[in-house]
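K.L.:
The structure under discussion is supplied below as structure tokens; questions concerning it will follow.
Values quoted throughout were computed directly from the atomic coordinates according to the rules given, and no laboratory measurement underlies them. Just so it is clear, the model here is predicted, and its values are computed rather than measured. Here the Cβ is made from the backbone with ideal geometry for all residues, glycine too, and neighbour counts use every protein chain on show.
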Amino acid sequence: MQYHAEVIGSLLRPDYLKVARKQWEAGKLTTGAFKRIEDRAVDEMIALHGCDNTLQHAETWARAHKVAWFKLNRSLRSLGGFCDCEIGLNTVADGEEEPEDW
């Protein structure tokens, strides 16, 4: 199951992250470099809004995209995703391997 949205929780993705994703998809950016940029965006979101140790943003996203929240919540928690911050910092897309320099 693969999902992609232009928001992180309820926040729009920053332009630099959208540009980096396009560069990564075009093979112009390594996976490790993209992950560092993505982590920066999540860090900025956490610094701006804090972490409330809930899955509030994940639930909002799931309901907006008509994804069964009960099943997704159970799956996230079984994989160690107990809050939005953990999900944002530890997500790897389907078919993507963790980079060596991660």
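K.L.:
Taking the range 61-74, which residues are surrounded by 12 or more Cβ atoms within 10 Å (Cβ to Cβ) and under 25 Å from Phe34 (Cβ atoms)?
P.N.:
Within the range 61-74, Trp61, Ala62, Val67, Leu72 qualify.
K.L.:
Quick one: count up the residues across the range 63-79 that are within 14 Å of the chain's Cα centre (by Cα) and not hydrophobic (A, V, I, L, M, F, W, C).
P.N.:
Counting residues in the range 63-79 that are within 14 Å of the chain's Cα centre (by Cα) and not hydrophobic (A, V, I, L, M, F, W, C) gives 0.
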